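The values are calculated or read from the model by the stated rules, or taken from the named source; none is laboratory data. Owing to the predicted nature of the structure, the values given are computational and were not obtained by experimental measurement. Reconstructed Cβ throughout: ideal geometry from the backbone, glycine too, with neighbour counts over all protein chains shown.
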Amino acid sequence: MDSRLEELLRLLDLERLEDDLFRGESRDIGSPQVFGGQVLGQALRAASVTVPEDRAVHSLHAYFLRRGDFNTPIVYFVDRSRDGDSFSSRRVTAIQHGEQIFNLSASFQKHQAGVEHQFSMPDVPPPEALQDSQDLPDHVLRQLPERARRFLEFKRPFEFRPVQPRDWLQPEPSSSVQQIWVRAVDRLPNDDALHRSLLAYASDYNLLFSACRPHALSSLFGNVITASIDHAMWFHRACRVDDWLLYATDSPSASGARGFARGSFYTRDGTLVASTAQEGLMRPVDSKV
């Protein structure tokens with residue numbers, strides 16, 4: 001397996017301190033604090049191992065309370081709120097330096113058949129026709145600020161192929177709509193709970209940027225301060241994150257120094273497998289707010 005993906009799986013393989021108490025390490029991906037997707041994935045993984053094996057997560061709602069320090073382990077406490085006939089509910093609190101940095105509520109359900117419908121997938125080019133977001137020419141990278149260059153050059157466990165590539169040197173206001181093909185860089189085990197945790201991890205990439213696009217803002221250029229405030233996710237159907245998924249996002253609104261974004265994950269055949277929503281801090285650096 002690719003070493004980048006192996007490292008990510010090690011991060012999700014939490015140390016079990018007690019029945020409902022876990023400890024996880026962090027990874028520096030070039031951002032100033034722990035990547036929010038990492039905490040989402042680890043918290044969901046901690047919750048998942050406390051529920052019966054016949055139940056899969058169908059929704060989660062989380063709040064980011066404080067910046068995470070990637071130099072210090074994170075402790076996750078799982079509260080077994082309820083186990084019913086069909087559903088299980090869990091609440092996870094993440095603690096670092098003696099303070100809560102994150103909390104998550106997740107619901108798990110036995111497989112049950114029912115009626116089905118979904119929105120259609122946007123009509124976009126296939127991933128083979130698009131460039132990886134990290135395949136930037138050297139002359140472009142040399143002109144970028146250090147923080148942007150460090151983030152873009154960091155080798156990730158996922159490939160990202162944007163339908164609407166960013167103009168890193170001369171960004172201009174554009175539509176909040178963006179679509180990005182995403183896939184793990186190598187094959188993964190046949191573990192549905194693991195794939196759902198990895199999808200939660202990947203869902204935090206690029207989502208809030210949809211709210212920044214109409215204003216040509218980017219935290220990598222230092223003209224805006226961004227941070228996830230909350231994150232919600234609904235898992236509609238099983239999927240594999242080592243197959244290409246289209247992450248279609250947009251931002252209906254930004255106000256009060258906050259941006260709101262939502263997203264949908266589709267398989268290549270157009271099946272809608274998950275939906276996301278997030279609100280985040282989006283404060284221009286010259287703002288008086």
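Just a few scattered comments:
- Residue satisfying condition, being surrounded by 15 or more Cβ atoms within 10 Å (Cβ to Cβ) and either under 15 Å from Ala238 (Cβ atoms) or out of contact with any helix residue (DSSP H, G or I) (no Cβ under 6 Å at 6 or more places or on another chain) (or both), within set Ser175, Ser197: Ser197
- Yes/no for Leu220 being part of a loop (DSSP other than H, G, I, E, B) and over 18 Å from Leu8 (Cα atoms): no
- Cross-chain or 6+ apart pairs with Cβ under 9 Å, segment 122-150 first and surrounded by 11 or more Cβ atoms within 10 Å (Cβ to Cβ), then assigned to a loop (DSSP other than H, G, I, E, B) and among the β-branched types (Val, Ile, Thr): Pro122/Val163; Pro122/Val177; Val124/Val163; Pro125/Val163; Leu130/Val124; Leu130/Val163
- Looking only at segment 1-50, and only at residues there that are of a type in the set (Val, Ile, Thr) and closer than 27 Å to Ile225 by Cβ, the one that is surrounded by the most Cβ atoms within 10 Å (Cβ to Cβ): Val39
- Number of positions in segment 33-66 that are within 18 Å of Leu207 (Cα to Cα) and of a type in the set (D, E, K, R): 0
- Qualifying positions in segment 81-121 - among the hydrophobic types (A, V, I, L, M, F, W, C) and exposed (fewer than 10 other Cβ atoms within 10 Å of the Cβ): Ala113, Val115
Yes/no per residue for (1) at pLDDT 95 or above; (2) in contact with a helix residue (DSSP H, G or I) (Cβ under 8 Å, 6 or more places away or on another chain); (3) within 25 Å of Val273 (Cβ to Cβ):
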residue	(1), (2), (3)
Glu15	yes, no, no
Leu21	yes, no, no
Ile29	no, yes, yes
Ala43	yes, no, yes
Val51	yes, no, yes
Leu65	yes, no, no
Ser81	yes, no, no
Glu99	yes, no, no
Ser105	yes, no, yes
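- Checked against (1) modelled with pLDDT of 95 or more; (2) surrounded by fewer than 17 Cβ atoms within 10 Å (Cβ to Cβ), Glu153 passes all but a single condition, namely (1).
- Within segment 1-31, if we keep just the residues that are touching a residue at least 60 places away in the same chain (Cβ under 8 Å) and not in a helix (DSSP H, G or I), the residue that is nearest to Leu104 (Cα to Cα) turns out to be Asp20.
- When the residues of segment 165-216 are filtered to those that are touching an Asp or Glu at 6+ places or on another chain (Cβ under 7 Å) and more than 30 Å from Leu11 (Cα to Cα), the one that is modelled with the lowest pLDDT is Ala216.
- Scan of segment 67-118 for residues that are among the β-branched types (Val, Ile, Thr), free of Cβ contacts under 8 Å to residues at least 60 places away in the same chain and either touching a Lys or Arg at 6+ places or on another chain (Cβ under 8 Å) or in a strand (DSSP E or B) (or both), ordered by number: Ile74, Val75, Val78, Val92, Thr93, Ile95
- Between Val78, Val57, the distinction of being within 22 Å of Asp242 (Cα to Cα), of a type outside the set (Lys, Arg) and crowded, with 16+ Cβ neighbours inside 10 Å belongs to Val57 only.
- Filtering segment 152-187 to residues that are part of a loop (DSSP other than H, G, I, E, B) and charged (D, E, K, R) leaves Lys155, Arg156, Arg166, Asp167, Glu172, Asp186, Arg187.
- Cβ-Cβ under 8 Å pairs, at least 6 apart or on other chains, segment 163-190 side more than 17 Å from Leu207 (Cα to Cα), far side among the hydroxyl-bearing types (Ser, Thr, Tyr) and crowded, with 18+ Cβ neighbours inside 10 Å: Pro171/Ser218
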